[in-house]
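Following: one structure in structure tokens, then a few remarks.
The values are calculated or read from the model by the stated rules, or taken from the named source; none is laboratory data. Since we're looking at a predicted model, the values are computed, not measured. Heads up, the Cβs are rebuilt from the backbone with ideal geometry, glycines too, and the neighbour counts pull from every protein chain shown. We work out accessible area using only protein heavy atoms, side chains counted, and drop any ligands, DNA or RNA first. Shrake-Rupley method; radii C 1.70, N 1.55, O 1.52, S 1.80 Å.
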Amino acid sequence: MVELFEVRCPGCVTVTEDGNAFNVQAEKWLEVAKILREDPDLTFDSLMCLTGYDKGTDDVLGVAYNFHSMSKLHKLEIRIEVSRDSAEIPSIANIWRAADWHEREVYDLFGITFSGHPDLKRILLPDDWEGYPLRKDYETQDYYHDMPIPKDKTDWE
Amino acid sequence: MAEQLKDFSLLHSDEMVLNMGPQHPSTHGVLRLKIHTDGEIVSRIEPIIGYLHRCFEKHCEYLTYEQIVPFTDRTDYLAAMNMNDAFAIAVEKLLGIEIPERVQYIRVIMAELQRIASHLVAVGTFGLDVGGITPFTWTIRDRERILDLFEYVCGARLLYNYIWVGGVSHDLPEQFIRRTLEFLDYFEPQIDEYNQILTYNKIFIERTADVGTLTPEVAVNYGCTGPVLRGSGVKWDLRKTEPYAVYDKFDFDIAVGDGRMGTVGDTWDRYFVRIVEMKESVKILRQALAQIPGGDVHAAVPKKVRIKEGSVYSRYESARGEVGFYIIAGGKDKPMRVKMRSPAFCNLSVLSEIAEGWMISDVIAILGSLDIVLGEIDR
């Protein structure tokens, strides 16, 4: 697959350190996504999973996409990492509809903006929630609708 | 006053927004549907979810791998064994441990019993949704017997914490195999009874055939899995196409919708796939109960789960479709990130697409055929 990308889109993908996935630059993502979907040797027609992650160490947030092809029966994982301050990734909701709600979920919990998404708003949390809870540096708001939010987490672990 | 009138004039006089839920018997939990209608014809549906959000993924970051198992129970509370199993398999992939054959068989037996129990609720409540009350009492009566079996095995009837990382909590009790076989002998003829009272009932067919057709392309694009995908005629079942545990040792078929009462992928097809799947599960159970080997169920249970750096995406066929766990291990006894890919989440997202152009009463039938569990959608 690496050779295929060298021909179709040179320099678009690099293999990750653990060798299980491809890293893609956010700016090149739409171009790569179209190849994944349309190339007759790839035909990734199914987006299995879309995961946001925050490793907490570097100043990056990431999204992992797990693709599967129903006809070719192969799989691929794509990882895109963006900086915490300007977390923006092009949306693929118009290519794989499954990404629609999943991108909203990542936006909701990690605060990554998906540009070009048809209806990007919070999905699991209330619309007026502050902050993005799954970020490692998240701090709970003090009050929600005048209700105090408990801060003591000693019994959580 | 003038301001108000100006606001009203912006509204389309022919579009009405109907709010269904979050407290509504037909939304199967706390789901709110914002239904945009033209007269009684649905033009668009906005499902609003999150009322049952319990921060499952955030909790996971504070818990050890063993402690997460009971939390997975509470995601899909109608198929808790499947969820335990899916999570255990994902962690075992990260650990790279081999599981004793007896444990694999026990897990298959539990998973299939749970699949039957979950489909019984799906079939029964679907009957309720379209106006048949008796089938519900019958299916719940038979599900009760499966819950009794679970209680016999692990003491719990709904949320089991039975399948552990590397094994199961208890070995099968002495009389379990005999009692399960007795149940299967009783249950198999019951499926034909459901068919007589509900499946081939003329009113039921009128309400469901040709309604809310989901084409295979749309289903795959929206990430639909399980009975919803198979109802559209796609022969896709992870137990067969990507066999895990010991599923490759059993002889069974994938149930697919064939448009027997109308179009392929209509509401009736999605319903009927579940009926056929229960029969297939009985087939698997009979084979598994006959072949089950001996062994120690705790042999591979690790004393302490501690995983080095790594990530895995593992998927599993639960009663509702593909459950995926994407786990990033951080080198500690707690995961750095757990994402649960919930099947009902994706299945529900297709609702607006297939309900468009149908009446409000058909929305109830279509939603019922998707068989959603809100605990799993909201997590």
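Restricted to segment A:46-82, and to residues that are surrounded by 15 or more Cβ atoms within 10 Å (Cβ to Cβ) and among the polar types (S, T, N, Q), which residue is farthest from B:Lys235 (Cα to Cα)?
Out of the qualifying residues, it is A:Thr51.
Mind listing whichever residues of segment B:228-249 are at negative phi and touching a residue at least 40 places away in the same chain (Cβ under 8 Å)?
Result: B:Val228, B:Leu229, B:Arg230, B:Gly231, B:Asp237, B:Leu238, B:Arg239, B:Glu242, B:Tyr244, B:Val246, B:Tyr247, B:Lys249.
Mind telling me which of the residues A:Arg84, A:Arg79, A:Arg122, A:Arg97 ends up being touching a Phe, Trp or Tyr at 6+ places or on another chain (Cβ under 6 Å) and among the basic types (Lys, Arg)?
The conditions single out A:Arg97.
Name the residue that is nearest to B:His59 (Cα to Cα), counting only residues in segment A:85-117 that are among the β-branched types (Val, Ile, Thr) and touching a Gly at 6+ places or on another chain (Cβ under 8 Å).
Restricting to residues being among the β-branched types (Val, Ile, Thr) and touching a Gly at 6+ places or on another chain (Cβ under 8 Å), the top hit is A:Val106.
For segment B:240-256, indicate whether the set of residues that are under 20 Å from B:Gly368 (Cβ atoms), aliphatic (A, V, I, L, M) and within 12 Å of another protein chain (Cβ to nearest Cβ) is non-empty.
Looking through segment B:240-256, none of the residues is under 20 Å from B:Gly368 (Cβ atoms), aliphatic (A, V, I, L, M) and within 12 Å of another protein chain (Cβ to nearest Cβ).
From the list B:Val42, B:Val69, which one is hydrophobic (A, V, I, L, M, F, W, C), more than 29 Å from B:Asp362 (Cβ to Cβ) and either more than 9 Å from every other protein chain (Cβ to nearest Cβ) or surrounded by fewer than 19 Cβ atoms within 10 Å (Cβ to Cβ) (or both)?
After applying the criteria, what remains is B:Val69.
Somewhere in segment B:69-85, is a residue farther than 15 Å from B:Asn161 by Cα and without any contact (Cβ under 8 Å) to a residue 24 or more places away in the chain?
no
Tell me the residue from B:Gly375, B:Gly295, B:Gly321, B:Gly265 that is more than 10 Å from every other protein chain (Cβ to nearest Cβ), of a type in the set (Gly, Ala, Ser) and farther than 21 Å from B:Ile89 by Cβ, please.
Being more than 10 Å from every other protein chain (Cβ to nearest Cβ), of a type in the set (Gly, Ala, Ser) and farther than 21 Å from B:Ile89 by Cβ holds for just one of B:Gly375, B:Gly295, B:Gly321, B:Gly265, which is B:Gly265.
Identify all residues within segment B:185-207 that are without any contact (Cβ under 8 Å) to a residue 60 or more places away in the chain and either basic (Lys, Arg) or open to solvent by 30 Å² or more (accessible area, probe 1.4 Å) (or both); write none if there are none.
Going through segment B:185-207, the residues without any contact (Cβ under 8 Å) to a residue 60 or more places away in the chain turn out to be B:185-186, B:189-190, B:192-193, B:196, B:200, B:202, B:206.
Of everything in segment B:185-207, those that are without any contact (Cβ under 8 Å) to a residue 60 or more places away in the chain and either basic (Lys, Arg) or open to solvent by 30 Å² or more (accessible area, probe 1.4 Å) (or both) turn out to be B:Asp185, B:Tyr186, B:Pro189, B:Asp192, B:Glu193, B:Gln196, B:Tyr200, B:Lys202, B:Glu206.
Do we have B:Ile140 as in contact with a Gly (Cβ under 9 Å, 6 or more places away or on another chain) and modelled with pLDDT of 90 or more here?
yes
Please go through (1) more than 11 Å from chain B (Cβ to nearest Cβ); (2) not in a strand (DSSP E or B) for A:Phe114 and return the number of the only condition it doesn't satisfy.
(2)
Considering each residue of segment A:46-75, count those that are closer than 23 Å to A:Val2 by Cβ, at the interface with chain B (Cβ under 9 Å from one of its Cβ atoms) and within 8 Å of the chain's Cα centre (by Cα), and give that number.
Going through segment A:46-75 one residue at a time, the tally reaches 3.
Could you tell me whether any residue of segment B:142-161 is basic (Lys, Arg), farther than 21 Å from B:Val108 by Cβ and without any contact (Cβ under 8 Å) to a residue 12 or more places away in the chain?
No; the residues of segment B:142-161 include none that is basic (Lys, Arg), farther than 21 Å from B:Val108 by Cβ and without any contact (Cβ under 8 Å) to a residue 12 or more places away in the chain.
Given (1) in a helix (DSSP H, G or I); (2) closer than 30 Å to A:Gly52 by Cα; (3) out of contact with any strand residue (DSSP E or B) (no Cβ under 7 Å at 6 or more places or on another chain), identify the lone condition not met by B:Arg239.
Tallying (1) in a helix (DSSP H, G or I); (2) closer than 30 Å to A:Gly52 by Cα; (3) out of contact with any strand residue (DSSP E or B) (no Cβ under 7 Å at 6 or more places or on another chain), B:Arg239 fails exactly one: (3).
This table checks each residue for (1) touching a Lys or Arg at 6+ places or on another chain (Cβ under 9 Å); (2) within 30 Å of B:Glu101 (Cα to Cα); (3) away from chain A (no Cβ under 14 Å).
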residue: B:Tyr200; (1), (2), (3): no, no, yes
residue: B:Arg207; (1), (2), (3): no, no, yes
residue: B:Thr213; (1), (2), (3): no, no, yes
residue: B:Glu217; (1), (2), (3): no, no, no
residue: B:Gly223; (1), (2), (3): yes, no, no
residue: B:Pro227; (1), (2), (3): yes, yes, yes
residue: B:Arg230; (1), (2), (3): yes, yes, no
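Identify all residues within segment B:245-264 that are closer than 17 Å to B:Gln104 by Cα and of a type in the set (Phe, Trp, Tyr); write none if there are none.
Initial filter on segment B:245-264 (closer than 17 Å to B:Gln104 by Cα): B:245-251.
Across segment B:245-264, the qualifying residues are B:Tyr247, B:Phe250.
Out of everything in segment A:83-110 that is within 11 Å of chain B (Cβ to nearest Cβ) and over 27 Å from B:Lys235 (Cα atoms), what residue ends up being surrounded by the most Cβ atoms within 10 Å (Cβ to Cβ)? I'd like the intermediate steps shown before the answer.
Step one: of segment A:83-110, the residues within 11 Å of chain B (Cβ to nearest Cβ) are A:93-102, A:104-106, A:108-110.
Next cut, over 27 Å from B:Lys235 (Cα atoms) only: A:104-106, A:108-110.
Details: A:Arg104: 22, A:Glu105: 24, A:Val106: 26, A:Asp108: 23, A:Leu109: 23, A:Phe110: 22.
This residue is A:Val106.
Suppose we filter B:Asp237, B:Asp248, B:Asp266 for residues that are open to solvent by less than 10 Å² (accessible area, probe 1.4 Å) and over 23 Å from B:Val211 (Cα atoms); which single one remains?
Selected residue: B:Asp237, the only one of B:Asp237, B:Asp248, B:Asp266 that is open to solvent by less than 10 Å² (accessible area, probe 1.4 Å) and over 23 Å from B:Val211 (Cα atoms).
For segment A:1-45: of the residues being among the polar types (S, T, N, Q) and away from chain B (no Cβ under 14 Å), which is surrounded by the fewest Cβ atoms within 10 Å (Cβ to Cβ)?
Step by step, filter segment A:1-45, then rank; the result is A:Thr14.
Pairs, please: C-beta under 7 Å, at least 6 apart or cross-chain, first residue free of Cβ contacts under 8 Å to residues at least 12 places away in the same chain and in segment B:208-227, second polar (S, T, N, Q) and surrounded by fewer than 23 Cβ atoms within 10 Å (Cβ to Cβ)?
Partner pairs satisfying both residue conditions: none exist.
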